[in-house]
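Read-outs: derived from the displayed coordinates by stated rules, not from any lab. From a predicted model like this one, the values you see are computed outputs, not experimental measurements. Cβ placement follows ideal geometry from the backbone for every residue including glycine, while neighbour counts extend to all protein chains displayed.
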Amino acid sequence: MDIILLGPPGAGKGTQAQRLEQRRGMRQLSTGDMLRGAVKHGTPVGLKAKEVMDRGELVSDEIVSELIDAELTAMGDDVGAIFDGYPRTAGQAESLDRILASHGRALDHVIELEVDEDALVERITGRFTCAQCGTGYHDTFKQPEVPGVCDKCGSTEFKRRPDDNEETVRTRMAEYRAKTAPILPIYEERGIVSRVDGMAGIEDVTRAIDAILG
Ligand code: AMP
């Protein structure tokens with residue numbers, strides 16, 4: 001089963017994708033994570049993407065579609081994909097159809113996480129992750145059980161994304177509204193879009209997604 005999690009930055013796509021990975025053996029394909037990895041390792045793609053990402057704008061369709069194609073090639077055919085943060089433009093949506101077809105795969109569901117944009121700034125600017133295993137936390141909503149120690153792996157190092165500041169978040173949301181939200185009708189025509197209340201608690205959102213996936 002291949003699915004897209006769609007929603008503005010901070011809607012909870014990454015959190016839900018990680019939970020689906022753990023519970024269903026699916027694989028999260030986050031172009032944001034791939035690009036951050038490329039920036040960290042100073043690859044040619046990373047060097048090109050860094051400034052664009054710091055501004056909260058979108059990197060080119062070609063770059064992200066190539067990353068997705070390479071990941072799908074490396075992945076087993078029997079593992080379901082959760083697209084997180086991709087596609088983000090009509091061009092990427094077209095590329096995804098082509099790439100999936102070339103791997104003998106097709107989309108089963110597009111799940112839109114509906115959220116109140118005003119609440120997203122607080123969600124995003126407070127979030128941080130374990131530097132070791134990537135588990136997500138939040139200053140207000142989800143501190144580690146033992147302060148300063150990751151619940152999952154025990155690491156004491158955490159990190160914050162450089163683009164999780166208010167100014168960049170506003171640009172990222174504007175990009176979502178202008179370029180990503182308009183791709184929904186493509187999937188609505190196919191009858192594969194479902195909507196989930198992304199303002200509900202993490203467990204409730206997971207339950208709603210489970211009900212859709214069956
Ligand atoms: P994310 O982790 O999904 O919030 O992505 C972080 C940043 O990476 C975005 O603000 C963009 O600059 C870039 N990015 C991630 N995915 C894409 C994509 N599919 N298309 C274009 N840019 C992307």
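Note on the range 72-86: residues that are in contact with a helix residue (DSSP H, G or I) (Cβ under 6 Å, 6 or more places away or on another chain) and farther than 13 Å from M34 by Cα total 1. Considered as a group, the residues in the range 182-202 that are of a type in the set (G, A, S) and without any contact (Cβ under 8 Å) to a residue 40 or more places away in the chain include one that is nearest to T129 (Cα to Cα), and that residue is G201.
Taking residues in the range 123-141 that are touching a residue at least 24 places away in the same chain (Cβ under 8 Å), and partners anywhere that are outside any loop (DSSP other than H, G, I, E, B) and of a type in the set (A, V, I, L, M), the pairs with Cβ atoms closer than 8 Å and at least 6 places apart or on different chains are I124/V169; T125/V169.
Filter the range 2-27 down to the residues that are crowded, with 16+ Cβ neighbours inside 10 Å and assigned to a loop (DSSP other than H, G, I, E, B), then identify the one that is nearest to the ligand (Cβ to nearest atom). Here the answer is P9.
Restricting T168, T180 to residues that are among the hydroxyl-bearing types (S, T, Y), out of contact with any Gly (no Cβ under 8 Å at 6 or more places or on another chain) and closer than 16 Å to R88 by Cβ narrows the list to T180. The residue that is farthest from the ligand (Cβ to nearest atom), among those in the range 63-108 that are hydroxyl-bearing (S, T, Y) and buried (at least 18 other Cβ atoms within 10 Å of the Cβ), is S95. The residues in the range 28-48 that are of a type outside the set (V, I, T), surrounded by 18 or more Cβ atoms within 10 Å (Cβ to Cβ) and closer than 30 Å to R207 by Cα can be counted, and the count is 7. Just one of the numbered conditions (1) in a helix (DSSP H, G or I); (2) over 17 Å from the mean Cα position of the chain (by Cα); (3) of a type outside the set (S, T, N, Q); (4) more than 8 Å from the ligand (Cβ to nearest atom) is not true of V52: (4).
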